[in-house]
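Q: Attaching a single structure in structure tokens format; questions to follow.
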Amino acid sequence: MATLQKSTARLTSLLLFASVVACNDAAPTRAVISKSSSSKPSVSDGDATGVKTEPEDTLGDKGSGNSDDDEDKANETDNGGTKPKDMDKPTTDKPSTGTPKPDVGTPDTSMPMNPEKFDVSLVSVDVKNDKNGIPLKGDNVFINLSLKNVGGKAGTLKVTPYLTSKRFTDFTNVKLPTVDIALKGAEAKVAPIKIENFFQDLGGSKKEYALNRGEYSLAFEIEGEGIAKKRIADLKGKDFLIDKSNVVFTAVYWHQSYFDKVKYTGGVQKWMEETFSRKGEINDGNRTTKSFAKGFDEMMGIRTVFKTFEGFRLDRNKDFSGVGILNQVEDYSKERLGLKDRFKGTDCNSFTHKDNHGFDMQIGLSNDGFGGLAWVCGNTQASGIFDADTSKGRAQMILIHETGHNFGAPHCDPIQGFIMCSGEKHANYLRDGSFVWHQVSIDAMKKREADRINLVGGVGGLSLAAMPDGNAANEEIAVCNGEHM
Ligand SMILES: [Zn+2]
């Protein structure tokens, strides 16, 4: 594959196969992918109906294989008392410290307070966003913990939240950072504890997670002066919902060599944000019909949010075919995110895979000169840099081109001069660096989204009120090595 790099002026043919797009004019090879071609999810597998009628399935995984889901749910009941299905049962405000526990604001006068003691009761918990509403995916999310010092002595309580997802597997009892909460004697207060969108399990596993939409449950560990460490798994309000939004949680694996090659010093986070907001336009073949000053995100109506992981490199001693490269990215995710298996996709009609720890999409940045590779409709891509053209515009174009594949757009050949087919040739790109989309690519992405939305009965269109969750199908691969991009 290394021999395929030629000057961009020599762009020539492009061969389109039924399941593979190979952009290699030297020796087009038919890469066979089709990891999941035999198991398409059926419309009646619970996705369509569950959304409207069955509360516990509303936010469940939309991937194929409901029997897997059931198995996973069964497994997840063993998580320290936080069972997935007790959302609708009223939880009583049981004393958890062995002392009578009044609600905040209603002091219990029946019990004399011990002025010499620091003794705290957790009263309830309420998870909200920073506007005090139901948190949407990507919001600033706060665990508002109501607690009361039922003793007369001031002190500091150490509180450690543990988070369990009811939607994602291997997302059980994830330890969040410990916070110190100071309380005066007899003080009752509500302490907001922020949950980040991305977090590592501090319980020692080093697994990485994203706070995707779905149902969650909280447990707490508390400890303080005179208060022995104890776990509280039945606190009132422990179950909460992260509702859908247009946010796409994207894991980015990178290595400094990529930025050295493109001579960019702004850092990976800025690079990704710049790329996904780089100005673009839609063209019907004759003229620009719509412009997007904020680029791909604005055009798609999404907000791509990046969690970056340093250290990724492709290994040329491993399988370095198109599929091999994408598999290397997927293998890396297993190691880096601590997944039980490599990062998974399902198909064009599915949502974020339940085994991916809440991440929607992933990108590997490589300094290898293969250009880019992506699963069409998939959630994995690799973006390399051409030896012939290491410009910033070209490198960012590859990233967005591959993302276009992930969102369901194939190459638009034989049309030439648009971002999904030899985009660097377009006059508007040459003039001001705009990424120019042909309408056929937009239609392909819209169709993909409409198909998926029809399955789940939500709203459709590229405005994406219900869009990703990124996602996931490995039925096709676009091999954009060599000449194409
Ligand atoms: Zn391509």
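The values are calculated or read from the model by the stated rules, or taken from the named source; none is laboratory data. Small disclaimer: the values here were computed from a predicted structure and weren't measured. All Cβ positions, glycine included, derive from the backbone under ideal geometry; neighbour counts span all protein chains shown.
Q: Go through (1) surrounded by fewer than 24 Cβ atoms within 10 Å (Cβ to Cβ); (2) out of contact with any strand residue (DSSP E or B) (no Cβ under 8 Å at 6 or more places or on another chain) for Pro410 and report which single condition fails.
A: Here Pro410 clears every test but (2).
Q: Anything in region 168-221 that is closer than 19 Å to Val248 by Cα, surrounded by fewer than 15 Cβ atoms within 10 Å (Cβ to Cβ) and of a type in the set (Val, Ile, Thr)? List them, or say none.
A: Residues satisfying the conditions do not exist here.
Q: Restricting to region 246-261, name every residue that is of a type outside the set (A, V, I, L, M, F, W, C) and in a strand (DSSP E or B).
A: Answer for region 246-261, where residues must be of a type outside the set (A, V, I, L, M, F, W, C) and in a strand (DSSP E or B): Thr250, Tyr253.
Q: Would you confirm whether any residue within region 261-279 is at pLDDT 95 or above, among the β-branched types (Val, Ile, Thr) and surrounded by fewer than 16 Cβ atoms within 10 Å (Cβ to Cβ)?
A: The answer is yes, given that some residue of region 261-279 is at pLDDT 95 or above, among the β-branched types (Val, Ile, Thr) and surrounded by fewer than 16 Cβ atoms within 10 Å (Cβ to Cβ).
Q: Separate question: Look at Gly204 and say whether it is assigned to a loop (DSSP other than H, G, I, E, B) and under 27 Å from Val123 (Cβ atoms). Spell out the reasoning first.
A: Details: assigned to a loop (DSSP other than H, G, I, E, B): yes; under 27 Å from Val123 (Cβ atoms): no.
So Gly204 fails the test.
Here is a yes/no grid of residues against (1) in contact with a Lys or Arg (Cβ under 7 Å, 6 or more places away or on another chain); (2) without any contact (Cβ under 8 Å) to a residue 12 or more places away in the chain; (3) hydrophobic (A, V, I, L, M, F, W, C):
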| position | (1), (2), (3) |
| --- | --- |
| Gly301 | no, no, no |
| Lys318 | no, yes, no |
| Gly322 | no, no, no |
| Gly338 | yes, no, no |
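Matching residues to (1) under 12 Å from Asn212 (Cα atoms); (2) among the aliphatic types (A, V, I, L, M); (3) under 26 Å from the mean Cα position of the chain (by Cα):
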{"site": "Asp139", "(1), (2), (3)": "yes, no, yes"}
{"site": "Leu145", "(1), (2), (3)": "no, yes, no"}
{"site": "Gly151", "(1), (2), (3)": "no, no, no"}
{"site": "Val174", "(1), (2), (3)": "no, yes, yes"}
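Q: Now a separate question. Which pairs do you get when a residue that is farther than 17 Å from Ile398 by Cβ, found in region 270-286, comes within reach of a residue that is part of a helix (DSSP H, G or I) and of a type in the set (Val, Ile, Thr), reach meaning Cβ atoms under 7 angstrom, with the pair 6+ apart or on two chains?
A: If the second residue must be part of a helix (DSSP H, G or I) and of a type in the set (Val, Ile, Thr), the pairs left are Ile282/Ile442.
Q: Does Ile242 qualify as being buried (at least 22 other Cβ atoms within 10 Å of the Cβ) and farther than 30 Å from Arg394 by Cα? Before you say what the answer is, go through the steps one by one.
A: Details: buried (at least 22 other Cβ atoms within 10 Å of the Cβ): yes; farther than 30 Å from Arg394 by Cα: yes.
For Ile242, the condition - buried (at least 22 other Cβ atoms within 10 Å of the Cβ) and farther than 30 Å from Arg394 by Cα - is met.
Q: When Arg213 is evaluated against the numbered criteria (1) at pLDDT 95 or above; (2) farther than 18 Å from Gly338 by Cα; (3) of a type outside the set (Asp, Glu), which criterion, by number, is the only one it fails?
A: Arg213 satisfies all of (1) at pLDDT 95 or above; (2) farther than 18 Å from Gly338 by Cα; (3) of a type outside the set (Asp, Glu) except (1).
Q: May I pose another question? In region 146-162, what residues are within 19 Å of Ala228 (Cα to Cα) and assigned to a strand (DSSP E or B)?
A: Leu147, Lys148, Asn149, Gly155, Thr156, Leu157, Lys158, Val159, Thr160, Pro161, Tyr162
Q: May I pose another question? So how many residues does region 262-298 have that are within 21 Å of Lys137 (Cα to Cα), part of a helix (DSSP H, G or I) and touching a Lys or Arg at 6+ places or on another chain (Cβ under 8 Å)?
A: Looking only at that region, the number is 2.
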